[in-house]
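A quick write-up on the structure given underneath.
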Amino acid sequence: MTLYIDPPVWPGHGRMWSHLISDVSYDELHAFAARLGAPARAFDRDHYDVPSTSYGDAVRLGAVEASSKELVRLLVGAGLRRPKHERP
């Protein structure tokens, strides 16, 4: 089980955000997000938006730090990338 998180460099709603992904399955991603305490509304197509205040917790729980570019590469390689026009 490997989850990945990029640095909190994405601004929004007065905070900085990271993206949390799985390169295995959405089930794995949802289970990890629940352990992290991320609300379901934080899920966006193929990732969770994670505030900078939770970044350290995600890493302590086992998320691997990676660049944003690497997250996209991993999602595409796993067949889990969902472009904006593909809303579930």
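Hey, can you grab everything whose amide H is under 5 Å from the amide H of Glu65? Only 5+ residues off in sequence or another chain; H modelled, so Pro and N-termini drop out.
Result for Glu65 returns Ile5.
As an exercise, use a Förster radius of 30 Å and the Cβ-Cβ distance of Thr2 and Ala40 to find the FRET efficiency, rounded to the nearest 0.05.
For R0 = 30 Å, the calculated efficiency reads 0.85.
Please report the carbon-and-sulfur percent of the accessible area for the chain; probe 1.4 Å, protein heavy atoms only, DNA, RNA and ligands left out.
In the chain, the share of accessible area belonging to carbon and sulfur is 55 percent.
Take the alpha carbon atoms of the chain, find their radius of gyration, then divide it by 2.2 N^0.38 Å using N residues; give the quotient.
0.98
The values are calculated or read from the model by the stated rules, or taken from the named source; none is laboratory data. Computed from a predicted model, the values in this text were never measured in an experiment. Quick reminder, even Gly has a Cβ in these numbers, built from the backbone with ideal geometry, and neighbours come from all protein chains shown. For accessibility, only protein heavy atoms count, side chains too; no ligands or nucleic acids. Shrake-Rupley method; radii C 1.70, N 1.55, O 1.52, S 1.80 Å.
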